[in-house]
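Working notes, structure below.
The values are calculated or read from the model by the stated rules, or taken from the named source; none is laboratory data. If you're wondering where the values come from, they're calculated on a predicted model, not measured in any experiment. All Cβ positions, even for glycine, are placed from backbone atoms using ideal geometry, and neighbour counts span all protein chains on display.
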Amino acid sequence: MSFSAIFSDVNFLAVLVATVLAFVIGGLWYSPVLFYKAWLDGAGLTEEQAQQGHPGKIYGGAFAMTFVAATLLAVVIGDHKSLIYGIHWGLIVGIGWVSTSFATNYLFERRSFKLWLVNAGYNVVLFTVMGAVIGMW
């Protein structure tokens, strides 16, 4: 199968919308309204430490990686366009691949269960919503 054939069913507008929506969800998820404090505690960070770093690199890199993830989710969904099919694959990826991979890393890194719940929970929601957007487009 050629490289172009792999991406032939990808609707890049849907991928872009899913990526932007992921950022909106992430902004809310990691805000003081929801899980900011739990994330800080789980990561062992102070507010000052969380504010350090170059925002362009952090958010630009995160946007690029989310776009890649959404693109590959669209490849998995393929031409089976439906809301339910998209949600199905979003849940499979979020729970079955991402959260379990995080769990393995967190066990070896001795990271907290609280941090895993925050980050894995975000990814389950993220991939489910991205799958829904891509599936129904």
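Looking at Ile25, Ile6, which is the one that is modelled with pLDDT under 95 and hydrophobic (A, V, I, L, M, F, W, C)?
Ile6
Report yes if Gly131 is farther than 22 Å from Ala43 by Cα, under 14 Å from the mean Cα position of the chain (by Cα) and loosely packed, with under 14 Cβ neighbours inside 10 Å, otherwise no. Break it down stepwise before answering.
Values: farther than 22 Å from Ala43 by Cα: yes; under 14 Å from the mean Cα position of the chain (by Cα): yes; loosely packed, with under 14 Cβ neighbours inside 10 Å: no.
Answer is no for this residue.
If only one of Val118, Val93, Val98 is touching a residue at least 40 places away in the same chain (Cβ under 8 Å) and among the β-branched types (Val, Ile, Thr), which one is it?
Values: Val93 fails: touching a residue at least 40 places away in the same chain (Cβ under 8 Å); Val98 fails: touching a residue at least 40 places away in the same chain (Cβ under 8 Å).
It is Val118.
I'd like to know if region 107-114 contains one or more residues that are surrounded by fewer than 13 Cβ atoms within 10 Å (Cβ to Cβ), among the acidic types (Asp, Glu) and part of a helix (DSSP H, G or I). Steps first, answer last, please.
In the first step, residues of region 107-114 are kept if they are surrounded by fewer than 13 Cβ atoms within 10 Å (Cβ to Cβ); the result is 107-110, 113.
Imposing the further condition that a residue be among the acidic types (Asp, Glu) reduces the set to 109.
Within this subset, residues satisfying the condition of being part of a helix (DSSP H, G or I) are 109.
Yes: one or more hits.
Taking region 44-80 as the search range and keeping residues that are over 18 Å from the mean Cα position of the chain (by Cα) and of a type in the set (A, V, I, L, M), which one is nearest to Ala18 (Cα to Cα)?
Per the criteria, the residue is Ala50.
When region 8-35 is examined, which residues are found to be surrounded by 16 or more Cβ atoms within 10 Å (Cβ to Cβ) and among the aromatic types (Phe, Trp, Tyr)?
Trp29, Tyr30, Phe35
Restricting to region 9-22, give me the number of residues that are modelled with pLDDT of 95 or more and over 20 Å from Pro55 (Cα atoms). Before the answer, list the steps.
We begin by selecting, within region 9-22, every residue modelled with pLDDT of 95 or more; these are 10-22.
Retained after the next criterion (residues that are over 20 Å from Pro55 (Cα atoms)): 10-18.
Of the residues in region 9-22, 9 are modelled with pLDDT of 95 or more and over 20 Å from Pro55 (Cα atoms).
From (1) in contact with a Phe, Trp or Tyr (Cβ under 9 Å, 6 or more places away or on another chain); (2) at pLDDT 95 or above, pick out the condition that doesn't hold for Leu34.
(1)
Quick check, is Gly61 surrounded by fewer than 16 Cβ atoms within 10 Å (Cβ to Cβ) and either closer than 22 Å to Ile6 by Cα or acidic (Asp, Glu) (or both)? If you could, list the steps in order and put the result at the bottom.
On the way: surrounded by fewer than 16 Cβ atoms within 10 Å (Cβ to Cβ): yes; either closer than 22 Å to Ile6 by Cα or acidic (Asp, Glu) (or both): no.
Spelling it out, it is not the case that Gly61 is surrounded by fewer than 16 Cβ atoms within 10 Å (Cβ to Cβ) and either closer than 22 Å to Ile6 by Cα or acidic (Asp, Glu) (or both).
State whether one or more residues within region 93-110 are of a type in the set (Lys, Arg) and on the phi < 0 side of the Ramachandran plot. Steps first, answer last, please.
Restricting attention to region 93-110, the residues satisfying the condition of being of a type in the set (Lys, Arg) are 110.
Applying the additional criterion that residues be on the phi < 0 side of the Ramachandran plot yields none.
Within region 93-110, not a single residue is of a type in the set (Lys, Arg) and on the phi < 0 side of the Ramachandran plot.
Testing Val68 on (1) closer than 22 Å to Val15 by Cβ; (2) not aromatic (Phe, Trp, Tyr); (3) not in a helix (DSSP H, G or I), one condition comes back false. Which one is that?
The single condition Val68 does not satisfy is (3).
Take the conditions touching a helix residue (DSSP H, G or I) at 6+ places or on another chain (Cβ under 6 Å) and farther than 15 Å from Ala22 by Cβ and apply them to Ser112. Does it pass? Full working, then the answer.
Working: touching a helix residue (DSSP H, G or I) at 6+ places or on another chain (Cβ under 6 Å): yes; farther than 15 Å from Ala22 by Cβ: yes.
Here the answer is yes, as Ser112 does meet what is asked.
Any chance region 82-98 includes a residue that's touching a helix residue (DSSP H, G or I) at 6+ places or on another chain (Cβ under 6 Å), farther than 30 Å from Ser8 by Cα and in a loop (DSSP other than H, G, I, E, B)? Break it down into steps so the answer makes sense when it comes.
In the first step, residues of region 82-98 are kept if they are touching a helix residue (DSSP H, G or I) at 6+ places or on another chain (Cβ under 6 Å); the result is 82-83, 85-87, 89-91, 93-95, 98.
Filter once more, keeping what is farther than 30 Å from Ser8 by Cα: none.
Scanning region 82-98, I find no residue that is touching a helix residue (DSSP H, G or I) at 6+ places or on another chain (Cβ under 6 Å), farther than 30 Å from Ser8 by Cα and in a loop (DSSP other than H, G, I, E, B), so the answer is no.
Just the residues that are within 28 Å of Leu117 (Cβ to Cβ), free of Cβ contacts under 8 Å to residues at least 40 places away in the same chain and either in a loop (DSSP other than H, G, I, E, B) or under 13 Å from the mean Cα position of the chain (by Cα) (or both), please, taken from region 1-40. Lay out the reasoning, then the answer.
Taking region 1-40 first, the residues within 28 Å of Leu117 (Cβ to Cβ) are 15, 17-40.
Then keep just the ones that are free of Cβ contacts under 8 Å to residues at least 40 places away in the same chain; that gives 20, 24, 27-28, 31-34, 36-37, 40.
Scanning region 1-40 gives Val20, Val24, Gly27, Ser31, Pro32, Val33, Leu34.
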